[in-house]
Amino acid sequence: MHTSTRLRLATSALAASLLAATGSAQAAPEYSVQRTGPLCAIAQDPASYNTKYLDFFAALVQGQDDWLFRTRYDLRTDFGTTALGWRELRRLRDALKARGVELMVVYQPTRGLVNRDKLTPEEKARFDYDLAKKNYLAAVAQFRQAGIWVTDLSPLFDERDLGTDYYFKADHHWTPAGADRTAKRVAETLKQIPGFDEIPTQRFESKVVGLLPKAGTLHKTAGQLCGTSYATQYVPRYETEAAGEASGDSLFGDESTPRVALVGTSNSGPAYNFAGFLQQHAGVEVLNLAVSGGGFDSALLQYMSSQDFHDNPPKVLIWEFATHYDMAQQSFYRQAVPLVNNGCEGRPVALKNKVKLHAGANEVVVNGKGAPLRDLRGGDYQVDLRFSDPSVHEAKATLWYLNGRRENFKLEQSDRVDTGGRYVFELRNDPDWADLNLLAVEIHGPEQMPQDLSVEVSVCARPAKGESPLTARAD
């Protein structure tokens, strides 16, 4: 059967199912395309992926029925992180736990693990599925050893003939069906977390509301490299609504804020309805704070910078991200951990100053200037910056120490998040830095500096191990 005929039949069948589900007259579009054939030689050459955008897709390989896969990310066999990464993850988990927040990770499996049946026989033979599955399960076990709740999603691996695929055929996002299948299993884990039974319950229903078109990112990249074009894929689009009143006294006190918060990537965005399906299967309201295009860290940092997090911390914080993200980024943990306890807010301040910035380096605080020199040991202190303009998403700090050493610390957040102009970070705690005494902090004006930009800088001690955040705020 000709490709265009099959495509018309497929979209007609989908339209019929949607018509039955929604009762609307919405029809799927019809289109006629010719099969593009195998990828061109350029797309199979790793050297062709020579920009930051293209590098994310290195290197494409042809699957069956117009499926495409990325060898580096979709067909990877290594998972987890380094010893440093696991140690820092536990440190973040411990800080949240001290505030009564349980950390849960949704560790999204790769397209190769789930949809390897869409590989060609040749690529399927090259992909070491057994090793990939073994290492994925080992990573799940290590999350649990770090005290982090995580769902084993391996029962979803190697799916076949389920009607709607877990992933789009040529896009790095899951389909709504994949989000639904994931949410169902994540909800089972969520219900096991201590304190979940104290969360007000509510019934939610998900329904088809139309079609979700997807011109896949892998197809777009293949088109950019090879000059070919592919058909847009259409799947049912869903929305979830409350179906009844919440149980429990949820109208008073902090119960007016959802007790489960979701931070994550574009996979948790509205297009795929992961948060909605999670509400349906868990039976509780979920505060969705995912950020599309923000990487694995932006949504988490934005949420923990907010007053809402500090006034009404959730009982469970669900963190969704894909396996290709680097969980060993020290700069991330140096920002995330102090944010758990709101940086220098409510804590005794060792150094503080407010400065109007100019281009280049700006000296903002100096140890011993106008006061006796203090012992500001790197392993014990942190810095809290507040720019007067919340549009600042990139700047640089230089930290000088009494022995002449210095560190440049880049402050950078996705322009898709609202930082409020605030950045918090710990001084270096490496063995050869932890005992150094801080001399000064310089802030370099952003390249695109807003008019009359100023920054307020505070240096304060980190919370002592086991210190109650309530005690810290009372000082």
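The values are calculated or read from the model by the stated rules, or taken from the named source; none is laboratory data. These numbers were taken from a predicted model, which means no experiment stands behind them. Positions of Cβ are backbone-derived with ideal geometry, glycine not excepted, and every protein chain shown enters the neighbour counts. Ligands, DNA and RNA are excluded from the accessible area calculation, which covers all protein heavy atoms including side chains. Shrake-Rupley method; radii C 1.70, N 1.55, O 1.52, S 1.80 Å.
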Given the condition in contact (Cβ under 8 Å) with a residue 12 or more places away in the chain, crowded, with 17+ Cβ neighbours inside 10 Å and over 25 Å from Glu198 (Cβ atoms), answer yes or no: does some residue in segment 240-248 qualify?
no
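Residues Arg416, Arg462: which one is in contact with a helix residue (DSSP H, G or I) (Cβ under 9 Å, 6 or more places away or on another chain) and modelled with pLDDT under 95?
Unique residue meeting the criteria: Arg416.
Here is a yes/no grid of residues against (1) open to solvent by 70 Å² or more (accessible area, probe 1.4 Å); (2) closer than 20 Å to Asn267 by Cβ; (3) charged (D, E, K, R); (4) without any contact (Cβ under 8 Å) to a residue 12 or more places away in the chain:
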{"residue": "Gly63", "(1), (2), (3), (4)": "no, no, no, no"}
{"residue": "Arg70", "(1), (2), (3), (4)": "no, yes, yes, no"}
{"residue": "Asp74", "(1), (2), (3), (4)": "no, yes, yes, no"}
{"residue": "Ala138", "(1), (2), (3), (4)": "no, no, no, no"}
{"residue": "Ala141", "(1), (2), (3), (4)": "no, no, no, yes"}
Restricting attention to segment 182-223, the residues that are open to solvent by 30 Å² or more (accessible area, probe 1.4 Å), over 24 Å from the mean Cα position of the chain (by Cα) and without any contact (Cβ under 8 Å) to a residue 12 or more places away in the chain number exactly 1
Within segment 431-459, of all residues that are among the hydrophobic types (A, V, I, L, M, F, W, C) and in a loop (DSSP other than H, G, I, E, B), the one modelled with the lowest pLDDT is Met449
Pairs returned, first residue in segment 374-386 that is touching a residue at least 24 places away in the same chain (Cβ under 8 Å) and more than 22 Å from Thr419 (Cβ to Cβ), second residue that is surrounded by fewer than 16 Cβ atoms within 10 Å (Cβ to Cβ) and of a type in the set (A, V, I, L, M, F, W, C), beta-carbon separation under 8 angstrom, 6 or more apart or interchain, are Arg377/Ala434; Gly378/Ala434; Gly379/Ala434
When (1) in contact with a Gly (Cβ under 6 Å, 6 or more places away or on another chain); (2) part of a strand (DSSP E or B); (3) of a type in the set (Lys, Arg) are applied to Arg428, the one that fails is (2)
In the set Asn403, Asn353, the lone residue that is farther than 24 Å from Met304 by Cβ and assigned to a strand (DSSP E or B) is Asn353
Out of (1) modelled with pLDDT of 95 or more; (2) over 18 Å from Asp78 (Cα atoms), the one Gly163 does not meet is (1)
Just one listed residue, out of Arg386, Arg374, Arg406, is open to solvent by 70 Å² or more (accessible area, probe 1.4 Å), basic (Lys, Arg) and more than 36 Å from the chain's Cα centre (by Cα), and it is Arg374
- request: Within segment 157-175, identify whether any single residue is part of a helix (DSSP H, G or I), surrounded by 20 or more Cβ atoms within 10 Å (Cβ to Cβ) and in contact (Cβ under 8 Å) with a residue 24 or more places away in the chain, and answer yes or no.
  value: no
Taking segment 45-66 and keeping residues among the hydrophobic types (A, V, I, L, M, F, W, C) and within 19 Å of His324 (Cα to Cα) leaves Leu54, Phe56, Phe57, Ala58, Ala59, Leu60, Val61
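Report, by residue number, each residue of segment 97-119 that is farther than 21 Å from Ile193 by Cβ and open to solvent by less than 30 Å² (accessible area, probe 1.4 Å).
Pro109, Thr110, Arg111, Gly112, Leu113, Val114, Asn115, Leu119
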